[in-house]
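This report refers to the structure that appears directly beneath it.
Where a number appears in this text, it was derived from the coordinates with a stated rule and is not lab data. Fair warning: this is a prediction, and the values are worked out from it, not measured in the lab. Note that each Cβ is placed from the backbone with ideal geometry, even for glycine, and that neighbours are counted across all protein chains shown.
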Amino acid sequence: MKTLILAGGFGTRISEESQFKPKPMVDLGGMPILLHIMKLYSHHGFNEFIICAGYKQHVIKEYFADYFLHTSDITYDFTNGRNEMIVHHNSSEPWKVTVVDTGLNTMTGGRVKRVKEYIGDEPFMLTYGDGVSDLNITELVKFHQSHGKLVTMSAYNAGQRFGVLDIDSSGQIKEFREKTQGDGNLINIGFMVCQPEFINFIEGDATVLEKAPLETVAKMGQLMAYKHTGFWQCMDTVREKEQLERLWAKGQAPWKVWDN
């Protein structure tokens, strides 16, 4: 199953970092937050990724073009007129990464629709490129396969900053909407699993994933919630980045479920 990662936004709320690179390429613990997300999926055996790029998309492409070198010990031998590169050790993951320029101003839903040809006619996973979690991807996929609906969305109690999910006792999402006064705290944190037919609910580049497509499938009874009670944190601001950096530096990063 392929994993789509939305990585094309401008990252204006963390502009101190995103002025020179896309937000998913902002470093956390010495490597882009994008890699933290990919390592979570890889830990659960999912190694094929489609990166929906946009703003400064060349930075992502250039990073993966050199990724083999980033994760290797190299000798460059120029003796006796040679120009030879010798790889001694390599610790790169067994990933297949497709980076697609989905447009500079394309909305989140439009980015998903633009990579349809790379998804094929099979279920796919979908998440945002700016949040880390210890969510159990294996159990998420099992849950999605068990209920037979179009979309599973991970839900988390994280306060009142984000859109609200109205969830019944069976886990079905009855409504997906913006928060209002008095709302509960379960919010969409991404980490979705989607049937390929879900893309048909996305009209075009101007479609916001979190608006018409998800609102429509919720009203149809085709949107389910996987409730996550562990760790999740987005990196929207410099303050949030600093909080995550402190956890990483102390060796207390809950989202680091992979081995070194």
What residue among Met31, Met235, Met153 shows peak mean-square fluctuation when the chain is described by a Gaussian network model with Cα springs under 10 Å?
Met31
As a test of the formula, what do you get for the chain when each DSSP H run with n ≥ 4 contributes -39,500 (n - 2.57) and the sum is divided by the residue count, at 222 nm and rounded to the nearest 500 deg cm²/dmol?
-7000 deg cm²/dmol
Contact order normalised by residue count of the chain, Cα under 8 Å, 6+ apart, percent
24 percent
Between Asp205 and His58, what FRET efficiency comes out of the Förster formula 1/(1 + (r/R0)^6) with R0 = 25 Å and r the beta carbon distance, rounded to 0.05?
0.80
For the pair Glu175 and Ala65, what calculated FRET efficiency results from E = 1/(1 + (r/R0)^6), where r is the Cβ-Cβ distance and R0 = 45 Å, to the nearest 0.05?
0.55
Where in the chain is the longest stretch that carries no GluC sites (Glu not before Pro) classed as loop by DSSP and with at most 14 other Cβ atoms within 10 Å?
1-177
By Cβ neighbour count within 10 Å, fewest first, Ile167, Ile199, Ile37 rank Ile199, Ile167, Ile37
Can you sort Ser72, Ser133 so the residue with the fewest Cβ neighbours within 10 Å comes first?
Ser72, Ser133
Report for the chain the percent antiparallel among DSSP-assigned beta bridges with both residues inside it, nearest 5.
55 percent
With label points built 7 Å along Cα→Cβ from the Cα atoms of Asp134 and Glu197, find their separation and express it in nm.
3.7 nm
Springs between alpha-carbon atoms under 10 Å, Gaussian network over the chain: tell me which of Gly148, Gly30, Gly171 tops the mean-square fluctuations.
Gly30
Kindly state, as a whole number, the per residue volume in cubic angstrom of the convex hull around the alpha carbon atoms of segment 1-106.
131 Å³
What order do you get for Cys52, Cys194, Cys234 when you list them from fewest to most C-beta neighbours inside 10 Å?
Cys234, Cys194, Cys52
Along segment 92-97, what does the Karplus equation 6.51 cos²θ - 1.76 cosθ + 1.60 (θ = phi - 60°) give for ³J(HN,Hα), rounded to whole Hz, x for Gly and Pro?
6, 6, x, 9, 10, 10
Show me, for segment 218-231, the HN-Hα J-couplings you get by feeding each phi into the Karplus relation (A = 6.51, B = -1.76, C = 1.60, θ = phi - 60°), rounded to Hz, glycine and proline as x.
5, 5, 7, x, 10, 10, 10, 10, 9, 7, 9, 10, x, 9
With contacts defined as alpha carbon pairs under 8 Å and 6 or more residues apart, what's the relative contact order of segment 1-138 in percent?
37 percent
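Mind giving me the FRET efficiency for Asp77 and Asp259? R0 is 25 Å, r the Cβ-Cβ distance, nearest 0.05 is fine. Don't skip to the answer; put the middle values down first.
Working: r = 32 Å, r/R0 = 1.28.
The computed FRET efficiency comes out at 0.20.
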Amide H of Leu28 versus every other amide H placed in the peptide plane: which residues, excluding those fewer than 5 positions away on the same chain, fall under 5 Å?
Ile33
